[in-house]
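The values are calculated or read from the model by the stated rules, or taken from the named source; none is laboratory data. Not measured: the values here are computed from a predicted model. Cβ atoms come from the backbone with ideal geometry, glycine included; neighbour counts cover every protein chain shown.
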């Protein structure tokens, strides 16, 4: 039986002065633009943990995620945001793991092993850590958060630039269409803050978001909805 390779990737842009996720994992690879390679090396990222890519190939948050999916050499990959303060467990209440690298890395490895064993293409953590949301250890739909698990041997979704602002939700709906299932651990969450620093998404144009939502509605019809008052998307696929 062939050995299955796995790796955790962390895309990062303009955050060499605030390395966070790197210090929560036993091992990972930061994916950065070549123009910022030296800045990240000086910030403490080891050369072996840095993947510097030509700027024009990863010039957006959606683009860099898809670049990793399409070009990483491993069969199983986890993609994490770069601004985590910690990870959490949640059942009837939530508690922080305490930045324990071994536990956090082991939980990520567990999810990668599960999607490999079960033949599932996509798994992810959801963004809302609220105890009343917990009703079982794993769910099979939800809004994609800041951690994604990809089984490249099974993964069927393809990049669609027309829905760039909702690319991860589009990814989920594609996987539900082609593979009929995604895996969502409901007991494990990342802890981060709202995107306000230099590498975040605070400068996205409102019109880009509107266009992306309208294109999602045209593409997915009844299976996608958006609450404009709460600025919240909704996947309407029964599982």
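Observations, loosely collected:
- Checklist (1) in a helix (DSSP H, G or I); (2) within 15 Å of the chain's Cα centre (by Cα) applied to residue 117, failing item: (2)
- Of the residues making up region 212-227, those that are under 17 Å from residue 177 (Cβ atoms) and assigned to a helix (DSSP H, G or I) are 215, 216, 217, 218, 219, 220, 221, 222, 223.
- Residue 120 being within 23 Å of residue 73 (Cβ to Cβ) and surrounded by 15 or more Cβ atoms within 10 Å (Cβ to Cβ): yes
- Condition met for residue 103 (part of a helix (DSSP H, G or I) and touching a residue at least 24 places away in the same chain (Cβ under 8 Å)): no
- Applying the criterion of being farther than 12 Å from residue 161 by Cα and out of contact with any helix residue (DSSP H, G or I) (no Cβ under 6 Å at 6 or more places or on another chain) to the residues of region 203-212, the residue that is modelled with the highest pLDDT is 210.
- Options 183, 176: the member that is buried (at least 16 other Cβ atoms within 10 Å of the Cβ), under 15 Å from the mean Cα position of the chain (by Cα) and in contact (Cβ under 8 Å) with a residue 40 or more places away in the chain: 183
- In this structure, residue 52 does satisfy being over 18 Å from residue 151 (Cβ atoms), touching a strand residue (DSSP E or B) at 6+ places or on another chain (Cβ under 9 Å), at pLDDT 95 or above and not in a loop (DSSP other than H, G, I, E, B).
- Single unsatisfied condition, residue 117 versus (1) free of Cβ contacts under 8 Å to residues at least 24 places away in the same chain; (2) touching a helix residue (DSSP H, G or I) at 6+ places or on another chain (Cβ under 7 Å): (2)
- Selection within region 59-96 - surrounded by fewer than 18 Cβ atoms within 10 Å (Cβ to Cβ), assigned to a loop (DSSP other than H, G, I, E, B) and touching a strand residue (DSSP E or B) at 6+ places or on another chain (Cβ under 7 Å): 74
- Residue in region 100-121 that is within 30 Å of residue 211 (Cβ to Cβ) and touching a strand residue (DSSP E or B) at 6+ places or on another chain (Cβ under 8 Å) present: yes
- Of all residues assigned to region 22-29, none qualifies as being free of Cβ contacts under 8 Å to residues at least 24 places away in the same chain and farther than 21 Å from residue 59 by Cα.
- Flag: residue 136 does not match the condition of being modelled with pLDDT under 95, in a loop (DSSP other than H, G, I, E, B), more than 17 Å from residue 9 (Cα to Cα) and within 15 Å of the chain's Cα centre (by Cα).
- Count of region 80-98 residues which are within 16 Å of residue 193 (Cα to Cα) and in contact with a helix residue (DSSP H, G or I) (Cβ under 6 Å, 6 or more places away or on another chain): 4
- Residue match in region 147-162 (condition: over 26 Å from residue 4 (Cβ atoms) and either touching a strand residue (DSSP E or B) at 6+ places or on another chain (Cβ under 8 Å) or outside any loop (DSSP other than H, G, I, E, B) (or both)): yes
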